[in-house]
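These notes concern the structure reproduced below.
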Amino acid sequence: MGKYIFKSLLQVIPVLFIVSLIVFILVRVTGDPVALMLPETATAEDRAVLTEALGLDQPLYTQYVKFLGSALQGDFGQSFRYGQPALQLVLERLPASFELAVAAMFFAVLMAVPLGVISAVKRNTFTDLIISGISVIGKAMPNFWMGIMLILLFSVMLGVLPVSGRGGLSHLILPAFTLGVGLAAQMTRLIRSSMLEILSQDYIRTARSKGLGRMVVIGQHAFRNGLIPVVTIMSLQFTSLIGGTLITETVFSWPGLGQLLVVAVNTHDMAIVQAAVFVIALIVVITNILTDVAYRLLDPRIKFD
């Protein structure tokens, strides 16, 4: 396992190199950074001075080499909106996004696992029909609509939960539940399909023929093997939750990475965009490695070759 993890970490280098090249190109095609940073009243001399200060008067390959060298040192430039290093701002917002993503994943697993298993065990019954219908509705509801409805119900009408902001557990419930509902709907369908496939396997019939109880067969033999595709979707969704909770963080004024990215894109603060993309890419790679390790722990038949 150690050798596999080491080889996987080495793959981070070309991935981040490609990401750096893409970010470098996108920043330059989205507009002239000098024109975005200076007011409309700036003179040609002001533009020339800033262009030279930013190194934009040099050839592109020279700019990229300097950009890559600075990025390797964690220097993505200063945010002209906040006047602070871009990476520092991203790392300050990252814990809030992690907190929201973990809470949303917790809600999703808490809802999806029992519903998915029950739906598979009660296949083609009224219970299965109800759970499948709830899953479809949960997946179809937009996050922003769900968030607004929850605010109206629990914050405005009942007054039991705060409207927005980050604070204690009460501030976390509504945004986490908003994100968790759509994810739970997707996971419920996946768990149902996975469990149905597992329950039709020969070793499950053998376990039943030995006289093992229904709960033992489902809990010890079927459920563990049925978790492998669930782990896959959890890893994919977790990384998307880190950087993709833009709408939910905006609705609930959650001070996470998503909200920071929205402001950075709207104000063309490309230093923050560059730093955020790098951090998210690194999180994706590390999460994928941990997912592969989880596969091996769940199913010893999977080898690290």
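Computed from the coordinates by the stated procedures, all read-outs in this text should not be read as laboratory data. From a predicted model like this one, the values you see are computed outputs, not experimental measurements. Note: ideal-geometry Cβ built from the backbone for every residue, glycine included; neighbour counts use all protein chains shown.
Working from label points 7 Å from Cα in the Cα-to-Cβ sense, the residue 106 to residue 75 distance is 4.0 nm. With a Förster radius of 35 Å applied to the beta-carbon distance between residue 48 and residue 286, the computed FRET efficiency rounds to 0.25.
Sorting 114-127, 60-73 by average packing, meaning the other beta carbons within 10 Å per residue, from highest down gives 114-127, 60-73.
Between residue 153 and residue 28, the simple label model (points 7 Å from Cα in the Cβ direction) yields a spacing of 5.1 nm.
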